[in-house]
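The values are calculated or read from the model by the stated rules, or taken from the named source; none is laboratory data. In this text the structure is predicted, and so the values were computed from the model without any measurement. In this analysis, Cβ positions are derived from the backbone assuming ideal geometry, glycine residues included, and neighbour counts consider all displayed protein chains. Each accessible area value is taken on the protein alone, full model and side chains, heavy atoms only, with ligands, DNA and RNA left out. Shrake-Rupley method; radii C 1.70, N 1.55, O 1.52, S 1.80 Å.
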Amino acid sequence: MLPPAPGNPARRNFMRGGALAGLAGASGIIGGMNIIPSAHAANEPSMPKDHVAPGQLDEYYGFWSGGQSGEMRILGMPSMRELMRIPVFNTDFAVGWGITNESRRVLGKNFPRGGDLHHPHMSQTHGHYDGRYIFVNDKAGTRVARIRCDVMRTDKITPIPNVQAIHGLRVQREPKTGYVFANAEFRIPSPNDGRDLDDPKKYQTMFTAVNGETMEVAWQVIVDGNLDNTECDYEGKYAVSTCYNSEGGVVLADMMQSERDWVVVFNLGRIEAAIKAGKFKTIGSSKVPVVDGRHGSELTMYIPVPKNPHGVNASPDGKYFTANGKLSPTVTVMAWSKVDDYFNGKLKTPREAVVAEPQLGLGPLHTAYDGRGFAYTTLFIDSQIAKWNIQDAIDAYGGKKVNYLRQKLDVAYQPGHNHTSLGETRDADGHWLVSLNKFAKDRFLPTGPLHPDLDQLIDISGDQMVLVADAPVYSEPHDAIILPSKMLINKVKRTWSRTDPFFAETVAQAKKHGITLEKDNKVVREGNQVFVYMTSSAPQYGLPNFKVKKGNEVTVTITNVDSIEDLTHGFCLTNYGINMEISPQETSSVTFIADKPGVYWYYCTFFCHALHLEMRGRMLVEA
Ligand code: K7E
Ligand code: CUA
Ligand code: CA
């Protein structure tokens, strides 16, 4: 049975009504916290499946791309409640990202004013999420960033040389991450220094591997065509990318000329061996080893697939990967074992790696898996999700008369990515699917000409996909990952450690001034530089005022000596454009020029105490 068409206002209630069998009652205790299993058990039949009662914790974490907002977000699932925003490539006045010295060390000098973050992926060990890091791409600024999962803060940002617009991003699964694979989408002259400006035949792009531990660029591979999305296997042998512009076109029509483009497979072992043997070059001032993986190279394999493919997704059984057709109504299924065969000289043509090509509907963009042999493909143009069986599709490709298609579910409207809980790991649990839709249209109260996107929560634990909830999201999630909260909850710190590397450099600088940050409240002057050290403890700063001269370069360093969970203070300097967060046991600092004489109040921006409004002091700037 298919649900009513999207747009029907009754649809959500209808679906909820139909989806009620089996709801949470028993609560599990995980890490000393109550988490309600959201399905199974059945003593509150009137509650929808996304219901998480007040005071109860979500059973799953969701890590959501923030798109052109440049941030990453943490959601609780199934409630779809937004729990936190983590600034990465953007500046954020709430916490002082891009303002504090600590964040500016991560962002680097002259950082661009934002970013376009599409793909969050958690580090893995042997194909399981390991809770160390989440890696993300910046298409707008050609960068890769890493977020520490213990404090949920960005700790490294690496600009990728020699290329433009990092789009696809994935992490090595085996033995662990390991490499972070990053696709540069646009073709440019090499080096891009003003030469060959209007000679597109000379443009090129490269596949990049970043070392996830050091965040240094390990190597790059020159490819034919361009690179869109990327994926890797479960054995640590291969990475793979889609290319929609095998034509090397620079305008739309040119990029759609060929009936087939390709996916390109990278043989990691051979690439490493080539670099070890010195068979690489470097470009311009970059020291990154660059190898040639264009047609004819033994490092790569080009598998022709129908016109302008988009997403590429490996199945959690470790056997297959799919390229999603976009301009073709098909998804191309390829087997990793056939890739082995190709590199061992056992295939006549790369196309023989294809084991199925199910026809699903219009505009397939991304595929997710449930770990039970089913795949879920978003159909952008049809505004649907197609559920299909992988083995049946393989059998049908082999000539058997089987129907691989199981269900088509209308979504609202026009999905890009979708994601299943743990679906990109060996632990795929087949519980939740989220459809990340590009249009909300009439589904929410109007918010002006700019509409939110619409993420839809779908229960896939039964035979049929069942729509459970609509959640509006701000511009613009592309991708997300979903994992049970019990996998992470005990790894997340509730307060900072005083020895945390995030502010270690600030602590070391203070030490040079003879300052013990936890107790000293002092002003240190060195020529034109003024260093102001103070503590914060609800509801007081350690210094009620400090005096500087107009033109001084002032560094204010604040250490929050409160150690109670959630007792965060802020430091906002009025009319100076400065605000920063100082969470329990954290040290934050900011440097600015005191260019305006007069009295400037600083005040606490996180409501911390009954006397929070009184938590303030004066900067006195002498003319
Ligand atoms: Cu399909 Cu950037 Cu992953 Cu958008 S990408 S949808
Ligand atoms: Cu400290 Cu408000
Ligand atoms: Ca094309």
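Brief remarks follow.
- Identity of the residue in the range 581-596, of a type in the set (A, V, I, L, M, F, W, C) and farther than 18 Å from Thr559 by Cβ, that ends up least open to solvent (accessible area, probe 1.4 Å): Ala594
- Given (1) under 20 Å from the mean Cα position of the chain (by Cα); (2) closer than 26 Å to Asp233 by Cα; (3) not in a loop (DSSP other than H, G, I, E, B), index of the condition Thr154 fails: (2)
- Qualifying positions in the range 447-465 - β-branched (Val, Ile, Thr) and open to solvent by 30 Å² or more (accessible area, probe 1.4 Å): Thr447
- Pick from the range 533-544, criterion of a type outside the set (A, V, I, L, M, F, W, C) and in a strand (DSSP E or B), ranking: nearest to Val590 (Cα to Cα): Tyr533
- Considering the range 606-622, and only residues there that are open to solvent by 40 Å² or more (accessible area, probe 1.4 Å) and near ligand 2 (Cβ under 7 Å from one of its atoms), the residue that is farthest from Val95 (Cα to Cα) turns out to be His609.
- Strands (runs of 3 or more DSSP E) contained entirely in the range 207-278, each with at least 1 residues that are of a type in the set (A, V, I, L, M): 217-223, 238-243, 260-267
- Residue within the range 187-197 that is of a type outside the set (Gly, Ala, Ser) and in a strand (DSSP E or B) present: yes
- From the options Val305, Val291, residue that is in contact with a helix residue (DSSP H, G or I) (Cβ under 9 Å, 6 or more places away or on another chain), within 30 Å of Thr420 (Cβ to Cβ) and either in a strand (DSSP E or B) or at pLDDT 95 or above (or both): Val305
- Top-ranked residue in the range 342-367 [being closer than 16 Å to Thr322 by Cα and either in contact with a Gly (Cβ under 7 Å, 6 or more places away or on another chain) or of a type in the set (S, T, N, Q) (or both); ranked as surrounded by the fewest Cβ atoms within 10 Å (Cβ to Cβ)]: Gln359
- Of Ala375, Ala393, all but one fail to be in a strand (DSSP E or B), more than 18 Å from Met80 (Cβ to Cβ) and either open to solvent by less than 10 Å² (accessible area, probe 1.4 Å) or at pLDDT 95 or above (or both); the exception is Ala375.
- Selection of the range 52-69 for residues being touching a residue at least 40 places away in the same chain (Cβ under 8 Å) and either of a type in the set (Gly, Ala, Ser) or open to solvent by 20 Å² or more (accessible area, probe 1.4 Å) (or both) yields Leu57, Glu59, Tyr61, Gly62, Ser65, Gly66, Gly67, Gln68, Ser69.
- Residue within the range 413-423 that is of a type in the set (A, V, I, L, M, F, W, C) and either outside any loop (DSSP other than H, G, I, E, B) or touching a helix residue (DSSP H, G or I) at 6+ places or on another chain (Cβ under 8 Å) (or both) present: no
- The residues of the range 235-274 that are within 16 Å of ligand 1 (Cβ to nearest atom) and open to solvent by less than 20 Å² (accessible area, probe 1.4 Å), listed by number, are Ala239, Val240, Ser241, Thr242, Cys243, Asn245, Asp261, Val263.
- From the options Asp116, Asp130, Asp155, residue that is within 14 Å of ligand 1 (Cβ to nearest atom) and of a type in the set (D, E, K, R): Asp116
- Flag for Gly284 being open to solvent by 10 Å² or more (accessible area, probe 1.4 Å), free of Cβ contacts under 8 Å to residues at least 40 places away in the same chain and assigned to a loop (DSSP other than H, G, I, E, B): no
- Meets criteria (at pLDDT 95 or above and closer than 23 Å to Leu252 by Cα) for Thr330: yes
- For the range 316-341, the tally of residues that are within 15 Å of ligand 1 (Cβ to nearest atom) and open to solvent by 20 Å² or more (accessible area, probe 1.4 Å) stands at 2.
- Of the residues Tyr413, Tyr397, the single one that is among the hydroxyl-bearing types (Ser, Thr, Tyr) and within 27 Å of the chain's Cα centre (by Cα) is Tyr413.
- Looking across the range 172-186, the residues that are open to solvent by less than 10 Å² (accessible area, probe 1.4 Å) and part of a strand (DSSP E or B) come down to Val180, Phe181, Ala182, Asn183, Ala184.
- Candidates Val599, Val530, Val554, filtered to the one that is more than 12 Å from ligand 2 (Cβ to nearest atom), open to solvent by less than 30 Å² (accessible area, probe 1.4 Å) and farther than 23 Å from Trp97 by Cβ: Val530
- Subset of the range 376-394 that is more than 14 Å from ligand 1 (Cβ to nearest atom) and within 26 Å of Met487 (Cβ to Cβ) - its residue that is nearest to the chain's Cα centre (by Cα): Tyr376
- Filtered residue count, the range 432-459, keeping only those that are among the hydrophobic types (A, V, I, L, M, F, W, C) and in a strand (DSSP E or B): 7
- The requirement of being outside any loop (DSSP other than H, G, I, E, B), in contact with a Ser or Thr (Cβ under 7 Å, 6 or more places away or on another chain), among the hydroxyl-bearing types (Ser, Thr, Tyr) and buried (at least 16 other Cβ atoms within 10 Å of the Cβ) is fulfilled nowhere in the range 466-485; no residue meets it.
- Against the test of being surrounded by 20 or more Cβ atoms within 10 Å (Cβ to Cβ) and among the aromatic types (Phe, Trp, Tyr), the options Phe444, Phe439, Phe503 yield a single qualifying residue, Phe503.
- Residue in the range 129-136 that is open to solvent by less than 30 Å² (accessible area, probe 1.4 Å), at pLDDT 95 or above, part of a helix (DSSP H, G or I) and not β-branched (Val, Ile, Thr) present: no
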